[in-house]
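A.B. asks: This structure is in structure tokens; I'll ask about it shortly.
The values are calculated or read from the model by the stated rules, or taken from the named source; none is laboratory data. The model shown is predicted, which means the values in this text are computed figures rather than measured ones. Here the Cβ is made from the backbone with ideal geometry for all residues, glycine too, and neighbour counts use every protein chain on show.
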Amino acid sequence: MKPNVIKKYIGDKAFYKMLAALILPMVVQQGITNFVNLLDNVMVGSLGTLQMTGVSIVNQLFFVSNLSLFGALSGVSIFGAQFFGLGDEEGMRHSVRIKLYFGGVILAVSMVLFIGWGPQLAGLFLNPETNTAADLAATLGYAMDYMKVALWGLLPFAVVQVYSGTLRETGETMAAMKAGVLAIGVNLVGNYLLIFGKFGFPRMGVAGAALATVLSRWVELFYILYFTHRNTARFGFMQGVYRSLKVPARLLRKVIVTSFPLMANEVLWSLGTTFVNQNYSTRGLTVVAANNICTTAWQLFCVIMFAMGNAVSILVGQKLGAGDIEGAKDMDNKLLFFTTVSHVGIGLLIIAAAPFVPLLYNTEPAVRTLATQMLMVAGASLPIHAYVHCAYFTIRSGGKTIVTFFFDCVFTWVVPVPITFFFCRFTDLPVLAVYAMAQFADILKTFIAVPLLKSGSWAQNLVGSAPQNENPD
């Protein structure tokens, strides 16, 4: 590389030290979380393929709810990061309040849907043409046993996302990591005791796995609340945050205009992803189980990618809020380069580990073989997903949420959904080939992302040039 190219894409020692301090707690937290999810999956899978499939179906439904919450809060986080970069504590208070309102709406809608139409939603993943009636009934029963208990964890999960997201906007990632690690410990021990009925506890099977998760959510919530409100001297914006729940109408309108496309994007994207998986499920429970194994393992390997998305939101967002547009662009170039290059190596690790991960599961050889093949495809496509993932967060950090809507959600419904719908339902093409087409489809996004990022039109300050603090007392 030429010296000026190196300077553009590769940071100095201080840059990587700062980046490591920011993302390592997130990587540790998410890595442990995903590792425990893998162990959870293995423990539930040890009960049988039908139990594992039932739980994976419910988690796919919860995925839509969680992504909807993420989308609603992420739109507000754009403002939170920029308010923090500007030093506007009152703006931060308003962002917390708006998050609580948005989170409450998403929670209420989710509860109504899952309580009112849970069996019907889960039944969308069960194909009577490829499975016996007995297997389908058993799988649906396990799914409902899990869902009825797991619903009690949605409230603490929503509040934790409000608090941990706000802390991340300030650069504080250690608290969320500690809360997550504590919750993970509770979840892991609870799974062992309640799934298998150890040390005098009842043997609850899939319901035990759900209860362990619910308990871990509440423990995580209590810790994050305690940490945040004990350190109000450090997080001054939390002082008086609940003395009034009023939000300036002008700010609320601005947040809604910016956030709605992002929230709609996450809702429709998660529905699209769920529909893709539902298309795979038409090929039978073997495919559902293999896809579940592949997805769980893939998420474990992708913790750095997810953390880098957050890093882009925080670091680039703070630069934009401070009015340093050129600094934001320079920061983003280095973050994108690091993410893409590092995930070439991580993709190779996934391919190398692919034959061994399915051996952890007590399932049929056909499931293990398909899961191995899907993991290899996922590993090969990972660098593309890593670049696109951080490009999405870059565009979003400047408030270009309409663009992200088309970049993410519309693309999902226009490309992967039709591909999987047509080839899974109307052809005999092997499901692995269909999966590969869907995974590599993201390369088309680079033709949008590269010129957009190069133009710099995404880099915008959304919150003004001077703090407008008010006394919360």
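A.B. asks: Filtering segment 19-76 down to residues that are closer than 24 Å to R368 by Cα and hydroxyl-bearing (S, T, Y), which residue is surrounded by the most Cβ atoms within 10 Å (Cβ to Cβ)?
C.D. replies: For segment 19-76, the residue satisfying everything is T53.
A.B. asks: Residue by residue through segment 9-41, note down the ones that are assigned to a helix (DSSP H, G or I), at pLDDT 75 or above and either closer than 30 Å to I195 by Cβ or of a type in the set (G, A, S) (or both).
C.D. replies: A14, A20, A21, P25, M26, V27, V28, G31
A.B. asks: Further question: If you take just the helices (runs of 4 or more DSSP H) that sit entirely in segment 292-364, which of them hold at least 3 residues that are within 30 Å of F125 (Cα to Cα)?
C.D. replies: In segment 292-364, 303-311, 325-353 are the helices (runs of 4 or more DSSP H) which contain 3 or more residues that are within 30 Å of F125 (Cα to Cα).
A.B. asks: Using the structure shown, decide if T420 is closer than 21 Å to Q373 by Cα and in a helix (DSSP H, G or I).
C.D. replies: On the way: closer than 21 Å to Q373 by Cα: yes; in a helix (DSSP H, G or I): yes.
Yes, satisfied.
A.B. asks: Can you report the number of residues in segment 136-162 which are of a type outside the set (V, I, T) and either under 16 Å from the mean Cα position of the chain (by Cα) or farther than 18 Å from S216 by Cα (or both)?
C.D. replies: So the count comes out to 13.
A.B. asks: Need pairs with beta-carbon distance below 8 Å; first residue more than 14 Å from F227 (Cα to Cα) and within segment 168-183, second charged (D, E, K, R); sequence gap 6+ or separate chains.
C.D. replies: What qualifies is A183/R217; A183/E220.
A.B. asks: Return the only residue of F393, F447, F440 being surrounded by fewer than 20 Cβ atoms within 10 Å (Cβ to Cβ) and in contact with a Ser or Thr (Cβ under 8 Å, 6 or more places away or on another chain).
C.D. replies: F440
A.B. asks: Going by what's in this entry, would F338 be described as out of contact with any Cys (no Cβ under 8 Å at 6 or more places or on another chain), aromatic (F, W, Y), at pLDDT below 95 and within 30 Å of W458 (Cβ to Cβ)? Walk me through how you get there before you give the answer.
C.D. replies: Values: out of contact with any Cys (no Cβ under 8 Å at 6 or more places or on another chain): yes; aromatic (F, W, Y): yes; at pLDDT below 95: yes; within 30 Å of W458 (Cβ to Cβ): yes.
Answer is yes for this residue.
A.B. asks: The conditions are (1) among the aliphatic types (A, V, I, L, M); (2) part of a helix (DSSP H, G or I); (3) more than 30 Å from L193 (Cβ to Cβ), and A207 fails exactly one of them. Which is it?
C.D. replies: All conditions are met except number (3).
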